[in-house]
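Report on the following structure.
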Amino acid sequence: KVNIYLNDGTILYLNGFMDTGNNLIEPYTNKKVIIINKKVNENFYLVPYKTVSGESLIKCFTPKKVYIDGIGEISNISVGVCDEKFNGYNCLLNYKIMEEI
């Protein structure tokens, strides 16, 4: 379970998956990026990323805070937003989060 606290006071209640393929780091501040497939109304900035199918940009924002059940509150994080489905999940966690525990 992942709770993302948006800057407007809204809380997103998500089902997260620790994705070993997600090692995206925001290059300007070195924040780890978790990816969600929910529509949110936040101030976005673009972060470059690479996949096996090519390179592109993902819309990201900095949340007020993120809480991951079993891990706790995570700081220094960015949230990327995409339109893809995640097979039963709506949040792909960056596996490098585990390095902070």
Env charge @ TYR67, Cβ radius under 13 Å, K,R +1 / D,E -1, value +1
Please go through the residue pairs LYS31/LYS64; LYS32/LYS59; LYS64/LYS85; LYS1/LYS96; LYS31/LYS85 and name each one whose alpha carbons sit more than 20 Å apart in this structure. LYS64/LYS85; LYS31/LYS85
Tell me, what % of the accessible area of the chain is carbon and sulfur with a 1.4 angstrom probe? 47 percent
From the phi of every residue in segment 25-40, what ³J(HN,Hα) in whole Hz does the Karplus formula 6.51 cos²θ - 1.76 cosθ + 1.60 yield, where θ is phi - 60° and glycine or proline is x? 10, 5, x, 8, 10, 6, 7, 6, 10, 9, 10, 10, 10, 10, 7, 9
Describe numerically, in nm with one decimal, the distance between label points set 7 Å from Cα along Cα→Cβ at ASN43 and at ILE25. 2.6 nm
Report the relative contact order of the chain, percent, no decimals, based on alpha-carbon pairs under 8 angstrom and at least 6 residues apart. 38 percent
From the backbone phi of segment 51-63, what are the Karplus-calculated ³J(HN,Hα) couplings (6.51 cos²θ - 1.76 cosθ + 1.60, θ = phi - 60°) in whole Hz, Gly and Pro given as x? 10, 5, 9, x, 10, 7, 10, 10, 6, 10, 9, 9, x
Note on the chain: the mean projected area of its alpha-carbon convex hull, in nm², is 6.2 nm²
Given 14 as the ceiling on other Cβ atoms within 10 Å, longest exposed-site-free region of the chain for trypsin sites (Lys or Arg not before Pro) in DSSP loops: 2-37
Rounded to whole Hz, the Karplus (6.51, -1.76, 1.60) HN-Hα couplings of segment 79-93, x for glycine and proline: 10, x, 10, 9, 9, 6, 8, 10, 6, x, 10, 10, 8, 9, 7
Keeping all protein chains in place, calculate the accessible area per residue for the chain (probe 1.4 angstrom), answer in Å². 62 Å²
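The values are calculated or read from the model by the stated rules, or taken from the named source; none is laboratory data. Treat the numbers as computed from the prediction; the structure is a model and nothing was measured. Glycine also receives a Cβ, built like all others from the backbone with ideal geometry; neighbour counts cover every protein chain displayed. Heavy atoms of the whole protein, side chains included, go into the accessibility calculation; ligands, DNA and RNA do not. Shrake-Rupley method; radii C 1.70, N 1.55, O 1.52, S 1.80 Å.
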